[in-house]
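Since the structure comes first, as structure tokens, the remarks are kept for the end.
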Amino acid sequence: MIEILHTENIPYIGVDTNSVNIDICLKRGLNVIKEDVLSYLYNVEDNSLSGVSAIQVVEHLSREQ
């Protein structure tokens with residue numbers, strides 16, 4: 001997904017806690033950070049995102065989250 005955004009010059013940021021995934025993406029020149037996605041979203045400035053894609057996230061969340 002983010003490779004398509006990158007290729008099309010669409011602003012994006014990838015967020016993941018998995019170091020292996022982060023390293024792979026960084027080697028490909030992708031804009032990614034190693035952080036918990038919920039922490040990232042809680043701290044991002046209001047109205048600063050035009051969209052969010054959450055792939056393989058829901059199954060890792062607790063009921064409270």
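The values are calculated or read from the model by the stated rules, or taken from the named source; none is laboratory data. Everything numeric here is computed off the predicted structure, so don't read it as measured data. Areas reflect the complete protein model, heavy atoms only, side chains present, ligands, DNA and RNA absent. Shrake-Rupley method; radii C 1.70, N 1.55, O 1.52, S 1.80 Å.
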Check your understanding: Out of 21, 31, 47, any idea which swings most in a Gaussian network model of the chain, alpha carbons joined below 10 Å?
Key -> 47
Exercise for review: Can you send over the carbon and sulfur percentage of the accessible area for the chain, probe radius 1.4 Å, protein chains only?
Suggested key: 50
Practice item. Quick one: order 44, 52 from most to least accessible surface, probe 1.4 Å. Key: 52, 44
**Study point:** Share of Cα-Cα pairs in the chain lying beyond 14 Å, as whole percent
**Key:** 63
